[in-house]
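Below is one structure, written out as structure tokens; the observations come after it.
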Amino acid sequence: MMSIYCEARIFAEKFIDPYSKKVDEEGVFPVEAFAEIKKSDFLTLLIPKEQGGLGLGIQEHVEVCRAFAKSDATAGLCYMMHNVALTVVLSRGSEEMKQRIVKEVVEERKLLALAYSELGTGTHFYISDLKAENDGDKKLLSGVKSMVTSAEQASYYLVLAPSDVEGAIDNWLVPLETPGLKFEQNTWHGLGMRGNVSCQMHLNKAAVSVSNRIGEEGAGQEHVFNVVAPFFIAGLAGVYSGLGEHMLEETVAHAKERKYTSGTSLAEIETVQIHLAKMYNLVNSSVCTAKEATRSAAAGEEDALAKILSARIIACEMVIEAGRLGMRVGGGKAYNKAGSMERLLRDAYAGQIMAPSADVLTVWLGKAITGLPLV
């Protein structure tokens, strides 16, 4: 039986690869790739079988993210956001919400995304400066969310806002067509991951039905750390592991194909072999730690969170170093943008700043392994 990773790679080579260059050069969302993703079973990966999905979990989630990201990190990231948002609905939403959203994803192929980060709180995205006013059976949300991935491309966005419960936050499922919601498209000028269209979301007394609050009042932080964090952080480990695999594959191919007039290839030079071996070790360690982290999470092991945090830190640090080595082997050709290495290197740098940043994750890991609360 073919693994989910192999199925996703076959899919990605056919439907994501052809558009990856365009997505980066034009800074546009991978519309064509997602049109195919929406038709596929990958969109319903985490939905229970009895409700029309594949009924899979965190391990398969990360494997598909890795497979997609090997073709295009943007596509892997945006797909990952959909799965994370959907997981929150499935695990913490009311029965009415779950039935409604599952039906829309399965039958109408709707996409979900996250809108958590804000300008004032940066990578500490579980802190919200939005204003939330009560208006009968609606909540009026006002403020700005920053760097919202899949801006205008998803049908629903998960939004964190202050709760009526003092010191707490609520998690809201906000439809794209909500009055008072708009995106400021000219705010995304990313060095890499250019197809994310991570724009600002402006909310001006955006009226959201109280039926679209996920879970109980004040439960948002529990969602963030117990549901969002494992799938999001592990998903990013998968995304950057896949990006690293692409780097390694391209660098090895260049080393074998680039020949001197004598007929000797770069791959026959010992120094190059050392660089390739280092790249392989880096990428292999990233893939293996991500697999172990998700195995541990699926098994409910006590140290699963620490392993997930570690996996993402390793992946984010790995991919930057792998990119450096890839550019070194690629030499002038890579520097002159022959092939994809320059794009892959730019994409790699997003991993260390994406909330929670590598520094925040490292602090959390230190707390996790000593039994201290993360916040």
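The values are calculated or read from the model by the stated rules, or taken from the named source; none is laboratory data. These numbers come from a predicted model, not from an experiment. So basically every Cβ, Gly included, is an ideal-geometry build from the backbone, and we count neighbours across all protein chains shown. Keep in mind that these areas ignore ligands, DNA and RNA; they rest on the heavy atoms of the full protein, side chains included. Shrake-Rupley method; radii C 1.70, N 1.55, O 1.52, S 1.80 Å.
Miscellaneous remarks
- Failed criterion for A304 (all others in (1) under 17 Å from V239 (Cβ atoms); (2) at pLDDT 95 or above; (3) not basic (K, R) hold): (1)
- Test for L305: is it surrounded by 19 or more Cβ atoms within 10 Å (Cβ to Cβ), in a helix (DSSP H, G or I), in contact with a Lys or Arg (Cβ under 7 Å, 6 or more places away or on another chain) and not hydroxyl-bearing (S, T, Y): no
- Subset of the range 49-69 (residues that are touching a residue at least 24 places away in the same chain (Cβ under 8 Å) and more than 30 Å from E342 (Cβ to Cβ)): Q51, G52, G53, L56, G57, I58, Q59, E60
- Candidate set: the range 119-145, residues that are open to solvent by less than 10 Å² (accessible area, probe 1.4 Å) and of a type outside the set (A, V, I, L, M); chosen: the one modelled with the highest pLDDT: K139
- Residues that are within 15 Å of S91 (Cα to Cα) and open to solvent by less than 50 Å² (accessible area, probe 1.4 Å) within the range 16-52 comprise T44, L45, L46, I47, P48, listed in sequence order.
- Qualifying residue in the range 83-91 (condition: touching a helix residue (DSSP H, G or I) at 6+ places or on another chain (Cβ under 6 Å), of a type in the set (G, A, S) and open to solvent by 10 Å² or more (accessible area, probe 1.4 Å)): yes
- Any helices (runs of 4 or more DSSP H) falling wholly within the range 324-375 and containing at least 3 residues that are modelled with pLDDT of 95 or more: 341-348, 358-368
- Enumerated helices (runs of 4 or more DSSP H) restricted to the range 1-101, each holding at least 1 residues that are under 19 Å from I308 (Cβ atoms): 4-15, 58-71, 73-92
- Residue selected from the range 94-118 under the condition small (G, A, S) and open to solvent by 10 Å² or more (accessible area, probe 1.4 Å), by the criterion farthest from G235 (Cα to Cα): S94
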